[in-house]
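Student: Attaching a single structure in structure tokens format; questions to follow.
Every number in this text was worked out from the coordinates using simple rules, so none of it is lab data. Keep in mind it's a predicted model, so treat the numbers as computed, not measured. All Cβ positions, glycine included, derive from the backbone under ideal geometry; neighbour counts span all protein chains shown.
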Amino acid sequence: MATTISVQPKTKQLVTRKSWNIRRRLGYILLYIFLILLSVGFFFPFYQMAIGSLMPKEELFKLYPQLWPPGGPTLRAYLLLLHIEPPTNMAYLANFHILRYVGNSLLMATVAVLIQVFFNTMAGYVFAKRSFPFKNQLFSMILVTLLLPTAINFVPFFILIGRLGWMNTYLPFWIPGAATAFGIFLMRQFIVATIPDEIIDSATIDGASQFQILTRLVMPIMTGGMVVLAILSFVGVYNEFVMSSLILTNPDTRTVQVALANFLKSNIRAPNYDLLFAGSVMATIPLLVVFFVFQRQIMEGVMSGAIKG
Amino acid sequence: MWRHRVDYLFISPFFILFLIFGLYPLLFGIQLSFSRWQPGKDMVFIGLDNYKTLLLTDPELKQALLNTIVMLLWILPTGLGGALVLAVMLNARKLVGRSFFRTLFFLPFVTSQVIVSFVFQSLLDKDYGWVNLLMGLVGIPPIPWLTQTFWAQISITLLLHWMGMGTNILIFLGALQAIDRELYEAAEIDGATATQQFFNVTFPMIRPVMLFMIITATIGLMNLYAPVVLLTNGGPGGTTLTLFMRMIQLMTSIRYGEGAGFGFIIGGIILLITLVQMKFLSSWWTVEGKLKQ
């Protein structure tokens with residue numbers, strides 16, 4: 001393919017082609033310079049977070065910000081957060097259990113993902129491979145709910161959660177979102193694209209039940225698609241803030257996002273950036289692991305969600 | 001119907017959950033928005049009073065709407081335009097390291113708005129932040145990023161740029177790669193320059209995606225919450241208050257009736273803007289049937 005592209009139209013004269021090549025090469029050099037500078041800028045907040053967590057607070061507040069801690073990196077912020085080093089006159093820190101909050105977030109996100117992937121794949125399979133009365137109408141109804149703005153029923157939803165006694169539990173993040181319009185749509189697309197009708201037909205003839213077909217045939221084949229949905233919802237639930245900050249008010253149940261936000265608010269005039277950054281690093285590590293392991297699937301999910309949605 | 005009971009069973013979770021957690025709150029919200037109510041007390045029907053209060057006497061609604069429009073004017077050209085330009089660059093035929101750059105720009109996708117807010121707070125600090133230090137090197141005086149009305153809005157949009165650019169680039173790249181190469185080859189043979197190719201081939205082909213993203217960005221900005229709470233707390237002087245944040249304020253001060261009404265006003269605004277954008281840009285939508293499905 002590359003060879004066909006690089007073939008020049010015969011009508012072009014040698015001289016113009018040569019100058020055009022130089023111009024193009026110059027263009028590429030400028031492009032690289034620009035992209036590299038921009039990359040540095042894009043990466044910098046991550047660097048700031050990481051290096052900031054390794055600097056004592058006093059050094060973070062020098063007149064000029066430092067690229068590297070002048071007194072060498074220190075793990076003090078982490079030791080304080082993990083209560084390995086006893087907190088000095090910071091009462092708030094004594095009741096701040098970062099690992100528990102990260103654990104809460106992981107628990108909330110993992111269970112949400114398992115539930116969502118199962119129910120969405122189940123519905124996606126039916127819409128992709130089965131035919132039954134009102135199928136198209138029901139599918140359109142699902143898609144129409146995507147147009148409902150989140151804000152429209154947020155307040156009454158919150159009141160409902162209170163009435164159900166779900167405050168300070170993770171149920172509001174597990175149950176209402178168990179089957180979502182986006183998830184069903186995405187899973188249907190994947191199943192249509194990856195699973196031929198014939199194998200489902202032959203399994204039906206062999207007497208397999210729909211549930212068996214779903215769990216023993218469809219799900220193993222389309223693990224790839226399920227991973228895409230799993231990662232997108234994992235990132236979404238792990239990073240959720242609006243609802244969690246309103247629902248998870250109890251110190252024991254709050255997620256790491258809520259805990260860190262409260263930590264900032266507890267000392268808004270002179271934030272303990274060293275501790276905040278250390279906490280942020282610990283909160284971000286699971287996501288970075290997920291990102292680097294599954295980056296292809298994440299990108300695929302984002303692209304398919306946008307273009308077809 | 002009975003024959004298909006398993007099929008209906010498999011799709012029933014969505015519909016049951018939607019009835020309980022989508023439709024019921026919606027209907028309850030309608031009732032609530034016409035009532036005065038506090039938990040433990042009787043609900044009193046008060047007609048349009050909540051809406052009257054919100055629309056006529058509550059200055060926050062107007063302020064939040066204005067903020068959203070101003071921030072939208074900042075974010076659409078640079079956010080979407082910038083992402084498109086970057087996507088075109090990354091789509092350059094002989095670019096080495098395409099996937100490296102793509103991954104790097106996309107990395108902020110996994111970070112949380114909460115954490116990004118801390119990091120930007122320190123980067124944009126007037127006295128100790130990197131941004132002012134670097135700008136000082138070229139002689140620009142320190143900018144009060146988070147404490148002055150105009151700059152606070154810019155700060156929020158900067159954060160949103162950083163978080164969303166990678167996703168936008170990715171979506172544009174997907175659209176660009178769907179364009180038939182032959183169109184460019186034909187244009188090249190006709191002697192079209194790179195710029196002409198961009199405006200006459202690339203741009204028309206990605207219009208539907210562009211429209212989708214304009215609408216998504218608009219809705220996203222109205223629903224913005226974490227960064228405005230944590231980075232600027234709606235301030236200074238209410239200039240970074242968003243519609244969603246105002247609704248939460250009403251809710252947490254137990255003004256449920258007004259909060260529910262505010263939700264419908266936001267919903268109405270979103271619907272209106274979506275329709276206007278689709279109408280206004282409808283020629284875009286229909287010109288190219290190719291990407292439309």
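Student: Please rank A:F46, B:F109, B:F199, fewest neighbouring Cβ atoms within 10 Å first, as an exposure proxy.
Tutor: In increasing order of surrounding Cβ atoms, one gets B:F199, A:F46, B:F109.
Student: Follow-up. Amide H neighbours of B:G235 under 5 Å, counting only residues 5+ apart in sequence or on other chains, H built in-plane at 1.01 Å?
Tutor: Here B:T240 satisfy the definition.
Student: Can you list the HN-Hα couplings for the range B:111-118, worked out from phi with the Karplus curve (6.51, -1.76, 1.60; θ = phi - 60°), rounded to whole Hz and with x for Gly and Pro?
Tutor: Going residue by residue, I get 7, 8, 4, 5, 5, 4, 4, 4 Hz, with x marking Gly and Pro.
Student: Determine the distance separating the Cα centre of the range B:162-210 from the Cα centre of the range A:119-180; give it in Å without decimals.
Tutor: About 36 Å separates the Cα centre of the range B:162-210 from the one of the range A:119-180.
Student: Still on this structure, I have one more. How many partner chain Cβ atoms sit within 10 Å of a residue's Cβ in peptide B:97-105, on average, as a whole number?
Tutor: 4
Student: Highest first, please rank the peptides B:4-14, B:181-191 by the mean number of other Cβ atoms sitting within 10 Å of their residues.
Tutor: The densest-packed peptide leads the list: B:4-14, B:181-191.
Student: Sticking with this one: Using a simple spin-label model with points 7 Å from Cα along the Cα→Cβ vector, what separation in nm is obtained for A:D206 and B:I154?
Tutor: Modelled inter-label distance: 6.6 nm.
Student: Follow-up. Quick one: of A:K265/B:K62; B:K52/B:K126; B:K62/B:K279; A:K62/A:K265; B:K52/B:K279; B:K62/B:K126, which pairs are farther than 31 Å apart, Cα to Cα? Working shown, then result.
Tutor: Working: A:K265/B:K62 27 Å; B:K52/B:K126 41 Å; B:K62/B:K279 24 Å; A:K62/A:K265 22 Å; B:K52/B:K279 29 Å; B:K62/B:K126 29 Å.
Going by Cα-Cα distance, B:K52/B:K126 fall outside the 31 Å limit.
Student: How do the peptides A:215-228, A:147-160 rank, highest first, by the average count of neighbouring beta carbon atoms within 10 Å per residue?
Tutor: Peptide ranking by packing, descending: A:147-160, A:215-228.
Student: Multiplying the sequence separation of A:I22 and A:N267 by 0.36 nm and subtracting their Cα-Cα distance, what value in nm do you get?
Tutor: 82.5 nm
Student: Residue by residue through B:22-32, how many Cβ atoms from other chains fall within 10 Å of the Cβ on average?
Tutor: Values: counts 7, 3, 4, 11, 5, 2, 6, 8, 3, 1, 4.
If you average over the peptide's residues, the count of other-chain Cβ atoms is 5.
Student: Using Cβ contacts closer than 10 Å as the measure, can you line up B:S122, A:S202 from fewest to most?
Tutor: By the 10 Å Cβ count, ascending: A:S202, B:S122.
Student: Please order A:H83, B:H161 by the number of other Cβ within 10 Å, starting at the fewest. The partial results should precede the final answer.
Tutor: Working: A:H83 14, B:H161 18.
The most exposed by this proxy come first: A:H83, B:H161.
Student: Quote the charge dipole size of chain A about the Cα centre in Debye, to the nearest 20; the model charges only the Cβ of Lys and Arg (+1) and of Asp and Glu (-1).
Tutor: 1320
Student: Distance in nm between label sites at A:T223 and A:L82, each 7 Å beyond Cα in the beta-carbon direction?
Tutor: Inter-label distance under the simple model: 3.3 nm.
Student: Show me the ranking of peptides B:110-119, B:133-142, B:256-265 by mean Cβ neighbours inside 10 Å, starting with the highest. Kindly include the intermediate steps, with their values, before the conclusion.
Tutor: Details: B:110-119: 24.0, B:133-142: 10.9, B:256-265: 26.6.
So the order, starting with the most tightly packed, is B:256-265, B:110-119, B:133-142.
Student: Let me ask something else about it. Which value, in Å to one decimal place, does the Kirkwood hydrodynamic radius take for chain B when every pair of different Cα atoms is included?
Tutor: Computed over chain B, the radius equals 22.4 Å.
Student: Rounded to whole Å and ordered largest first, report the semi-axes of the equivalent ellipsoid of the range A:44-106 derived from its Cα gyration tensor (root of 5λ).
Tutor: 24, 15, 10
Student: What residues have an amide H closer than 5 Å to that of B:S35, excluding those fewer than 5 places away on the same chain, when H is modeled at 1.01 Å from N in the peptide plane?
Tutor: Those qualifying (amide H under 5 Å, at least 5 residues apart or on another chain) are B:I46.
Student: For the range B:121-164, I need the span (max minus min coordinate) of the C-alpha atoms along each principal axis, in Å, sorted largest to smallest.
Tutor: So the three principal-axis extents are 28, 20, 16 Å.
Student: Suppose each label sits 7 Å from its Cα in the direction of the beta carbon; what would the B:V70-B:E185 distance come out to in nanometres?
Tutor: Once both label points are built, they end up 5.2 nm from each other.
Student: Given the Cα-Cα distance of A:V111 and A:L171 and 0.36 nm per residue of separation, how much length would full extension add, in nm?
Tutor: 20.6 nm
Student: Then there's this: Averaged across A:41-52, how many Cβ atoms of other chains sit within 10 Å of each residue's Cβ atom?
Tutor: Per residue, the average neighbour count from other chains is 5.
Student: At 37 °C and 0.692 mPa s, what whole-number value in µm²/s does Stokes-Einstein give for the translational diffusion of the protein assembly as shown, with Rh from the Kirkwood sum over Cα pairs?
Tutor: D, rounded to a whole number, is 123 µm²/s.
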